[in-house]
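Below is one structure, written out as structure tokens, with a few remarks after it.
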Amino acid sequence: SLSKLQLKTGDLDPRLFSRLRHLQKLDLSDNLLDKFPNSLTLPDLRVLNCNNNKLEDVTALKQFPLLEELTYENNVYLTLNDDYKVMFLLENLRLLNGKDITKLAKQVRRVHSRRLTSKVIAHWEKFFRGQVPENHTAEQVRSIKKKFLNSVETNIVDGPSSLTEFTRWRVKMIAEEVVASSLGLDLNSDPEPDETMDESEEESTESSGEAAEDVQQVGDFSTDINSVTLTPSKRKRNPSNSRSGNKRTKTQANTEEEAEDVSAEPLHFLQCHSKGNSREDFKTQLWSCVFEPLLDCGARKDPIMSSSRTVATCGGESVCIIDCETGTVLKKYKVATEEFFSVAWTTLTMVISDNRKKSHNILAAAGRRGIVKLIHVAADLCYGEIKAHKKPIATLCFSPIQETHLFTASYDKRIVLWDIGIPDCDYNFKASQLLVLEAVSIPLRLALVPSCPDQYLLAGCESGCFSWNIKLEKELKSRPFEAIFQFPDKEGGMTTSHRVDGLAFLNDDVVVSKSSKPGCINLWSWSQSFDGKGKRCQRTIAVVMLAELEWSLTNLSYLTLSTCPEKEYVFCGDENGGVWMYNLSSYTTAWGSAKGKHSDRRIPPTQILKWPELQENGQQLNEIIVNNVVSDPAFTYLVVLTSVNITAIWKKK
């Protein structure tokens, strides 16, 4: 036992350890190790404890081929990707962090490797084999190998996005073997026939669930995952062919529409926010979802994914992190006394060991208790909280240009700007209040003006739409609103007094809001409506309307809308489980002209996605209200949150 000795990596002298040829158990817990030296040897090591260190990499553990039990909990820089790496590298490993991983490890080493090998070989045969000259030089081989390795890392995708790093690591390893094989060396991996690949996919799905359940206790958040999957048929006419995607085969669904009639198809219907993990909970309301931002890879975005497929959702006592492609609930955070209303992501550049900097995604979650939880998802750690308000928090919003600036909008009729700080390597942080914006009613939705996100904030409130000047100055730490906006009402006049429960920007100028009158969503110009040169006072401004979108005539409130600026889409759910989609790409050019041409007629939805006929225990789910619907930036996935504790995930065809 070498526990609690403040040991650093340099203190592990290979000359000493290489003499311990019969050592079977080693405890290095509670030290300061950031990696393992590659030449410790220890040929008979069976049990290794590295808990509570600062490890950043696990690949050096391959030097212990007989290792059977390994623990490295509370090494905050190690992720699920590292778990998969050690399962692949250590063939005798049975227990990882106290859990039996024998079955999953076989999946990783065999099924997953076969599938990746098949893809890599196919990529080589299709694009690179023909580039190898018959009498090749060493320089030619180096050049082709470099191009091939870059190409497979960019183009071969497999498994959930949470395992992107592991997949890329294995793809590179396999690609090097393929290149060696093509130059006359043996290749050990042999792709399986097609029917085996189908079986592999089923096994892989099960192993993903096991991986998700391995999440540990996170602060006061429990992370046990018990989600029920309700899967509709692939929109075939015969519903008897449908079957559930998980082991609850009694859960079935069908739909009357055919695949050709929709531009998106349903992938997953998840019941993962149940109170007390009850399968009978169809009452928990789901409120907010937001896609995880992609982390920069140096000066460029992650080449594996053009857009994130990981989404955070909240409702009831829990926050879930979901892989949209597989439907896997990757993480689940619970606070028994909370009801979460909003989540928001930011990317912080944190200092790790040796004063090196690394970007990490941080999730903020808040709700009825008025407390903001700060979660480092990759590290499975809720590292802090901010007691922001004494009343519930309706919504959260991070600044797009100041990574630590967080707006919280509360039932206390205040919007507060916080600096959440950047946690150090021990997750110590200091939050500070920068600004208080006074509202005349409860703020429901927030939107920073894209052209000047450090100067103006819009808020949809219970009694209207307001704007504030948020430029940070020494004076005016508490500010009233600067403007209230007038909208057309159902009598043909203009009104400021109405609940604005949907608010978002379609681009730098076009604002989308509802609901000044039934059955319509407003599109208006920020730049033509608001004169920033005006004196700072509580003035009333009539918006310059660009168009009205035709929408449901429901009187229900709080059915929020969202936009996909990159694809120029607007989304909004309705009281019947439908999703109204508006493709506005043919209108935005005219709206961007100097005068902002107004569309005289209401613009109908491009399409309405109908809710499929889901059944649970033979009972059909009725009265589905869509509280929120959000797409990823590239509009590949559409996540729909409902009033009946179901998260629906659609994929654009």
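The values are calculated or read from the model by the stated rules, or taken from the named source; none is laboratory data. This structure is a prediction, so every number in the text was calculated from the model and none was measured. Ideal geometry is used to build each Cβ from the backbone, glycine not excepted, and the neighbour counts take in all protein chains shown. Side chains are part of the model used for accessible areas, which takes the heavy atoms of the whole protein and leaves out ligands, DNA and RNA. Shrake-Rupley method; radii C 1.70, N 1.55, O 1.52, S 1.80 Å.
Here are the numbers:
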quantity: Calculated Rg and Dmax of region 26-170 using C-alpha coordinates, Å; calculated: 18.2, 56
quantity: In region 462-514, the GluC sites (Glu not before Pro) that fall in loop regions by DSSP, at most 13 other Cβ within 10 Å; calculated: Glu473, Glu475, Glu491
quantity: Whole-number percent relative contact order across region 443-622, with pairs defined as alpha carbons under 8 Å at least 6 apart; calculated: 15
quantity: Accessible surface, region 452-515, averaged per residue in Å² (probe 1.4 Å); calculated: 37
quantity: Residue-normalised accessible area of region 9-183, expressed per residue, 1.4 Å probe, Å²; calculated: 48
quantity: Within-13-Å neighbourhood charge of Lys25 [Cβ basis; K, R +1; D, E -1]; calculated: -3
quantity: Rounded to whole Hz, the Karplus (6.51, -1.76, 1.60) HN-Hα couplings of region 29-36, x for glycine and proline; calculated: 5, 6, 10, 10, 6, 9, 6, 9
quantity: Accessible surface of region 443-622, 1.4 Å probe, proportion on carbon and sulfur as whole %; calculated: 47
quantity: Modelled FRET efficiency - R0 45 Å, Asp13 with Asn150, Cβ distances, 0.05 increments; calculated: 0.70
quantity: At R0 = 30 Å, FRET efficiency that the Cβ-Cβ distance of Asp44 and Ala180 yields, to 0.05; calculated: 0.45
quantity: Cβ-Cβ FRET estimate between Leu2 and Glu69, R0 fixed at 22 Å, reported to 0.05; calculated: 0.85
quantity: Inter-site label distance for Tyr427 and Glu550 at 7 Å from Cα along Cβ, in nm; calculated: 5.2
quantity: Out-of-range pairs (alpha-carbon distance over 25 Å; input Lys119/Lys567; Lys391/Lys430; Lys358/Lys430; Lys147/Lys651; Lys387/Lys413; Lys8/Lys172); calculated: Lys119/Lys567; Lys147/Lys651; Lys8/Lys172
